[in-house]
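A short worksheet on the structure shown next.
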Amino acid sequence: MRAVRIPEFTDPPAPEVVETAAPEPADSETLVELVAAEIAPLDRQIAMGNLPGAGPLPIQPGGTGVGRVVSSGSLDPGEFVYVGGGPFGLGNSRPGMAAEQVPVPDGAAVPIPDGVDPMLAAAGTSGGISARQALFDYGRLQPGGTVLVLGATGSVGRAACQIAAAFGATVLAGARDISALDDLDAVPVSLENLTGEVMAATGGKGAEVIIDPLGGPYLNAAILSGAPRARHLLIGYSAGRTTNLIIPLTMIRQHRLMGFHAYQAPPDRYRQVVSEVLDDIAGGILQPIVRHVVPFEEMAAGYAAVGGRGRVLVTP
């Protein structure tokens, strides 16, 4: 069986394709044949050694993906499933999805609705999971509310815009290139003049919920763009892992700045959210973009392509 390995942490990642013995699943595991694994920004950070506690080396990467059931105690052979392996350590503390066959915990495999393209499920589900939990479980977004989504061209940002708009919220979509937001039901706002454009669009009220995968130099501007007592979800740091926080801003505005990690949800809630996101894809609410598909042998190029509009997938 062919599989991908990360033999050491390097920048850029240098994955290898190896021959290995076919896996033997345990009683509580489902054996899946890989269709496509997602190469997400988190996967790249793990491969570069930027996630504390990753390993031990070598790592078989791939935290999420889609496969076809080979054997299972709870699912039918041949059934397509989405594997949300993050809560179970796939691609980090246990072998991930980047192999021809992968045994995964039964709880990690969720059936994909009939008619859903497995490649779209592989590309869009993880972003939708983060977006749904951030918007509703933590942000407590209400119908008719106002949400500011930074990094709206990325997978999580696009998903948050699409799901929030379908829910009936007013969506402000922030990006460096607002021309890339034309297909979203959202008010585009430029990151370079974030606070001014958000306040102009909301009549000076600001956003009640902020979805922030950027961090870095945009954090203070995002705080100024919030309504009093805004709920601000930090879900990433693609613009920078550190910044100088102006503390009085959070005090005066009673700003609720919260760190967010999608994999911290209880298992039952996590599976429920996965099912909701797959239904979003089936219903056309969530419209993922597959930007690149690479074979195992070109996974290094896949890591290099991570970021921006659309997701990168790897296939056998």
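Does Ala26 qualify as being touching a residue at least 60 places away in the same chain (Cβ under 8 Å), farther than 22 Å from Tyr270 by Cα and among the small types (Gly, Ala, Ser)? Judged against the criteria, Ala26 is a match.
Among the residues of the stretch 89-130, those that are open to solvent by 10 Å² or more (accessible area, probe 1.4 Å) and either among the acidic types (Asp, Glu) or part of a helix (DSSP H, G or I) (or both) comprise Glu100, Asp106, Gly107, Asp114, Asp117, Pro118, Met119, Leu120, Ser126, Ser130. Within the stretch 276-297, the set of residues being surrounded by 15 or more Cβ atoms within 10 Å (Cβ to Cβ) and not aliphatic (A, V, I, L, M) comprises Glu276, Asp280, Pro288, Arg291, His292, Phe296. Residues in the stretch 169-190 that are touching a Pro at 6+ places or on another chain (Cβ under 9 Å), in a loop (DSSP other than H, G, I, E, B) and open to solvent by 40 Å² or more (accessible area, probe 1.4 Å): Asp182 alone. Residues of the stretch 17-30 that are out of contact with any Gly (no Cβ under 9 Å at 6 or more places or on another chain), part of a strand (DSSP E or B) and surrounded by 15 or more Cβ atoms within 10 Å (Cβ to Cβ): Val17, Val18.
Restricting attention to the stretch 131-155, the residues that are modelled with pLDDT of 95 or more and in a helix (DSSP H, G or I) add up to 8. I'd like the residue in the stretch 252-275 that is of a type in the set (S, T, N, Q) and open to solvent by 60 Å² or more (accessible area, probe 1.4 Å) and, out of all such residues, is farthest from Ala123 (Cα to Cα). The qualifying residue farthest from Ala123 (Cα to Cα) is Gln254. Listed by first and then second residue, the pairs with beta-carbon distance under 6 Å, at least 6 apart or on different chains, first residue in the stretch 264-277 and farther than 14 Å from Val83 by Cβ, second surrounded by 17 or more Cβ atoms within 10 Å (Cβ to Cβ) and of a type in the set (A, V, I, L, M, F, W, C), are Val273/Ile129.
Condition check for Asn193 on (1) in contact (Cβ under 8 Å) with a residue 12 or more places away in the chain; (2) over 23 Å from the mean Cα position of the chain (by Cα); (3) open to solvent by 70 Å² or more (accessible area, probe 1.4 Å); (4) closer than 14 Å to Leu148 by Cα: one failure, at (1).
Taking the stretch 237-261 as the range and being under 20 Å from Gly206 (Cα atoms) and β-branched (Val, Ile, Thr) as the test, the residues that pass are Ile246, Ile247, Thr250, Ile252.
Here's the yes/no breakdown for (1) out of contact with any helix residue (DSSP H, G or I) (no Cβ under 7 Å at 6 or more places or on another chain); (2) more than 15 Å from Arg311 (Cβ to Cβ):
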position	(1), (2)
Gly73	no, yes
Glu79	yes, yes
Pro87	no, yes
Val102	yes, yes
Pro113	no, yes
Ser130	no, no
Ala159	no, no
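Figure legend. Inter-residue proximity from the stretch 79-99: first residues closer than 23 Å to Val116 by Cα and among the charged types (D, E, K, R), second residues assigned to a strand (DSSP E or B) and open to solvent by less than 10 Å² (accessible area, probe 1.4 Å), beta-carbon distance below 8 Å, spacing 6+ or different chains. Indicated pairs: Glu79/Val69. Quick check on the stretch 36-58. Is at least one of its residues in a loop (DSSP other than H, G, I, E, B), open to solvent by 50 Å² or more (accessible area, probe 1.4 Å) and touching a residue at least 60 places away in the same chain (Cβ under 8 Å)? So far as the stretch 36-58 goes, no, none of its residues is in a loop (DSSP other than H, G, I, E, B), open to solvent by 50 Å² or more (accessible area, probe 1.4 Å) and touching a residue at least 60 places away in the same chain (Cβ under 8 Å).
The set of residues from the stretch 68-88 being in a loop (DSSP other than H, G, I, E, B) and open to solvent by 10 Å² or more (accessible area, probe 1.4 Å) comprises Ser72, Gly73, Ser74, Leu75, Asp76, Pro77, Gly78, Glu79. Residues of the stretch 191-209 that are of a type in the set (Ser, Thr, Tyr) and out of contact with any helix residue (DSSP H, G or I) (no Cβ under 6 Å at 6 or more places or on another chain): Thr202 alone.
The values are calculated or read from the model by the stated rules, or taken from the named source; none is laboratory data. Because the structure is a prediction, the values reported are computed rather than measured. Neighbour counts run over all protein chains shown; Cβ positions are idealised from the backbone, glycine included. Note: areas computed on protein heavy atoms with side chains; ligands, DNA, RNA excluded. Shrake-Rupley method; radii C 1.70, N 1.55, O 1.52, S 1.80 Å.
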